[in-house]
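> First the structure, which I've put down as structure tokens, then a few questions once you've had a look.
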Amino acid sequence: MPTVPAASAASGHPAKIPVLLLAGPPGAGKSTAMAAFRRRFPGLIHFGVRVFFERQMEQGTPLGQQAEPYHVRKIWHPDELVFAGVDTWLDESLADATCAVIEGFPRNETQALALDRVLGARGLRVNRMVYLDVPDEVCEDRVMNREVCTSCETSVAEAIPVPGSACSRCGRELVRRPDDGRENFRRRLMRQRQGAEGLLAHYEELGVLVRIDGTRPAAQVAAALREAAPRSFEVAPAR
């Protein structure tokens, strides 16, 4: 089980801000919901494993170098590396944040317990866990029919793959994500389902779990996510 990184324990307790976790199977629509959600909260900081480590690789950081073999092989990063990423993200972002969202992590109860300790060392806790409920067949259909912008991560659902097609948001090329192959997706989905039961039981016991029907239209899911967010998301913490 991962331990609390030394940097967390030594960083003191900054202003307390609400923390929301956004979870669900691959293809549940987490990134799509987040795109709309983030616009509502200018002081929101956001951590997603894939996006964070891709940025680290682009910048050539030690964390990026450690993450590259897992990224290339399209497999999940080890817990110790992800928690090092969470710690770095908090160090870099927390001072000016009014609220925080961790997307797609933790994936099981062991990781959830470790995250509780990492946040607790900074005087923080999980205020809400939002889980997007989507059946396997819907997830698979979505993932097999989506493209993602190479620049801004905009996801285009039900896209017809056209070489050189452009993102409507920033004009960059749309591509199929390398980890969206059918067999790879099914492995990711199976592993996610295996960890979900203990993960959800943990946050239900803490009284912070909210489940949302992720099969609804994207705008409705985003609205439900805003409604599920702690009310303290609306208020900047005192400095």
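Bear in mind these aren't lab numbers, they're just calculated from the coordinates by the rules spelled out. Everything numeric in this text was worked out from a predicted model, so none of it was measured. With ideal geometry, Cβ positions are generated from the backbone for all residues, glycine too; neighbour counts draw on all protein chains shown.
> In what sequence, highest mean first, do 197-205, 43-51 appear when ranked by Cβ atoms within 10 angstrom?
43-51, 197-205
> Here is a follow-up. Most exposed first by the Cβ proxy, i.e. fewest other Cβ within 10 Å, how do MET34, MET129 rank?
The most exposed by this proxy come first: MET34, MET129.
> Among rounded, prolate and oblate, which fits the stretch 18-156 when a ≥ b ≥ c are the square roots of the eigenvalues of its C-alpha gyration tensor, a/c under 1.5 means rounded, and a/b larger than b/c means prolate?
Note, shape of the stretch 18-156 comes out rounded.
> For SER93 and ALA223, what does the FRET efficiency come to when R0 = 22 Å and r is the distance between their Cβ atoms, rounded to the nearest 0.05?
That gives a FRET efficiency of 0.25.
> Which order results if LEU113, LEU81, LEU209 are arranged by neighbouring Cβ count within 10 Å, fewest first?
In order of increasing Cβ crowding within 10 Å: LEU113, LEU81, LEU209.
> Among rounded, prolate and oblate, which fits the stretch 74-122 when a ≥ b ≥ c are the square roots of the eigenvalues of its C-alpha gyration tensor, a/c under 1.5 means rounded, and a/b larger than b/c means prolate?
Details: a/c = 1.87, a/b = 1.51, b/c = 1.24.
Here the stretch 74-122 falls in the prolate category.
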